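Q: One structure, pasted below without further comment.
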Amino acid sequence: MYNPDSILKFFRDRSFGNYWSNSGHPAILLQQIKNNIDRFTIPWDQSSFSINQLDFESLAGAISEIALFPLMYQTGYLTLDPNGFKEDTRADKNPMDYYLKFPNQEVQSSLKLTLSRFIIQKQQETGIAYSTSILDALRNEKWCGFLNLIKGACLAKAGYHFLDKTERSFQGALYSFLNGVFHTTQGMQVNAELASGSGRLDIALEDKLHQTAYIFELKVGKSVSEALQQIYDKDYSMTFNTCYKKVCVGLKYDPVRLNITEAAIEVHQYDEQHTFQVMPRKNFAVNSIGYFQETEDIGGLSGLSS
């Protein structure tokens, strides 16, 4: 079966488009996402999902008690997969299980988009709750505290719903969180993809009250040294030369852990001679129990001046 609304819009526009996102969101599913987004832990890389026959056919006393995959089946986001049993390579697979799959890529991407929107909203709400702690950590250079808040309150709570192995998802989660943090803070401005003379910086945070700019460069599969080097090579910090203090922050994102594991922070301070003095670079890494701590120089960019 096909969505007739999508087909009609295809003939109208004479092009393929994600029309499902405008017509295929049942109110029941949207409310479930809003009420408990942690429920939607969907293994996106799987082509087929197995579910026990009894779980699929059992009646629930309330909508919130319906298992996730039967709920998605009833609302049109999953359909029966006739080839699921053949493709299931598990030795203990049950011949009585049902197999479900996304009907097409449009439906799958629509659900991802919907979850992303709710996660962004949740990230912003979480950011508001941590606004005082984040602002205090930044203004007082409590770097380990700041990094642990980003690691725990921002990225760990975004999890598999929103984050993937790409730099873009990492950037989106951090930007949404910081937007929430400083949404009602006077004099604080957060920007993403801000253009400079030779590129676009990932995230910039400007504290106008304290005339301080924080420039974030995020890297996946590359070192924090390369992140800082890009800030210098692309002249990202030059955009904020009217500030008296510039803080360059390089962050390394682990695509397996879906979180940051290393950081490098370098402070540029305006002095009485009207030049920026570069403070010694500080390096941070996650220790064996999951917290950031300061480490020795791990890349060799300290001592650069601007």
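Q: Can you list the helices (runs of 4 or more DSSP H) lying wholly within region 149-235 that have 3 or more residues being over 20 Å from His268 (Cβ atoms), within 12 Å of the chain's Cα centre (by Cα) and not aromatic (Phe, Trp, Tyr)?
A: Filter on region 149-235 gives 156-162, 167-181.
Q: Follow-up. Here are some conditions: (1) surrounded by 19 or more Cβ atoms within 10 Å (Cβ to Cβ); (2) out of contact with any Asp or Glu (no Cβ under 6 Å at 6 or more places or on another chain); (3) over 16 Å from Ile120 (Cα atoms). Leu194 meets all but one. Which one does it not meet?
A: Tallying (1) surrounded by 19 or more Cβ atoms within 10 Å (Cβ to Cβ); (2) out of contact with any Asp or Glu (no Cβ under 6 Å at 6 or more places or on another chain); (3) over 16 Å from Ile120 (Cα atoms), Leu194 fails exactly one: (1).
Q: For region 229-252, what are the residues that are in contact with an Asp or Glu (Cβ under 8 Å, 6 or more places away or on another chain) and modelled with pLDDT under 95?
A: Residues satisfying the conditions are Gln230, Ile231, Tyr236, Phe240, Cys243.
Q: Out of (1) surrounded by 16 or more Cβ atoms within 10 Å (Cβ to Cβ); (2) in a loop (DSSP other than H, G, I, E, B); (3) among the aliphatic types (A, V, I, L, M), what's the single condition that is false for Ala263?
A: Exception for Ala263: condition (2).
Q: To continue, here is another question. Could you pull out the residue among Phe182, Phe170 that is outside the structural domain of Glu226 (by TED's automatic domain parsing), at negative phi and modelled with pLDDT under 90?
A: Phe182
The values are calculated or read from the model by the stated rules, or taken from the named source; none is laboratory data. Please read these numbers as outputs of a predicted model, since none were measured by experiment. Here Cβ is always computed from backbone atoms with ideal geometry, including for glycine, and neighbour counts include all displayed protein chains.
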